[in-house]
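Read the structure below first, then the notes.
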Amino acid sequence: MTISVGDKLPDVQLRTMTAEGPTAVSSLEVLGKGKVVLFAVPGAFTPGCSNVHLPGFVEGGDELKAKGVDTIACVAVNDPFVMDAWGKAHNVGDKIVMLSDGNGEFTEALDLVLDGSGFGLGKRSQRYAMVLQDGVVTSLDVDGVAVEKSTCSNLSLHL
């Protein structure tokens, strides 16, 4: 069943890039404390994700933080090297935590899988944005592939 408002985030291993290289992190460790904005994209370096979705959160990150958001994170079914390179290409700096769900386990646990095999992409994540408070979903907007409901500007209306 798809995660929904009121549900607790599952505890699944993700990866992020550190100075020491790819590092495993618990989803609850990185996303389960305070007010968190988590957005997911079908794939790093893809047109909608690179031209609209990620840049919107880079540009609007300070506004989200001013509204009490402690952490902004982006997750995709890509490896940590790709997520790190994509973050650097968009100058995310320390504004956004770039999370790799390389095996899609987190995405499957949320039941937000997008089957992109018809396009040669395999299983990916649907595009979504959620607000979490101490690991509990307080807002969830799922787009699938389009970039509409899950934008930073739309999400800021929920804060």
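The values are calculated or read from the model by the stated rules, or taken from the named source; none is laboratory data. These figures come from a predicted structure and were not determined experimentally. Backbone-built Cβ (ideal geometry, glycine too); neighbour counts: all protein chains shown.
Odds and ends about this structure:
- Subset tally (residues that are in contact with a strand residue (DSSP E or B) (Cβ under 7 Å, 6 or more places away or on another chain), closer than 13 Å to LEU38 by Cα, touching a residue at least 24 places away in the same chain (Cβ under 8 Å) and not in a helix (DSSP H, G or I)) for the stretch 127-158: 15
- In the stretch 31-49, the residues that are of a type in the set (Gly, Ala, Ser) and closer than 19 Å to GLU105 by Cα: GLY32, ALA40, GLY43, ALA44
- Count - residues of the stretch 97-126 that are at pLDDT 95 or above, assigned to a strand (DSSP E or B) and not polar (S, T, N, Q): 4
- Taking the listed residues ALA129, ALA146, ALA109, ALA89, the one that is surrounded by fewer than 14 Cβ atoms within 10 Å (Cβ to Cβ) and touching a Ser or Thr at 6+ places or on another chain (Cβ under 9 Å) is ALA89, with no other qualifying.
- Residues satisfying the stated conditions in the stretch 55-96, i.e. under 22 Å from LYS35 (Cα atoms) and hydrophobic (A, V, I, L, M, F, W, C): PHE57, VAL58, LEU64, ALA66, VAL69, ILE72, ALA73, CYS74, VAL75, ALA76, VAL92, ILE96
- Cβ-Cβ under 8 Å pairs, at least 6 apart or on other chains, the stretch 68-90 side over 25 Å from GLN133 (Cα atoms), far side among the aromatic types (Phe, Trp, Tyr) and modelled with pLDDT of 95 or more: ASN78/TRP86
- Residue match in the stretch 28-47 (condition: under 24 Å from GLN133 (Cβ atoms) and free of Cβ contacts under 8 Å to residues at least 40 places away in the same chain): yes
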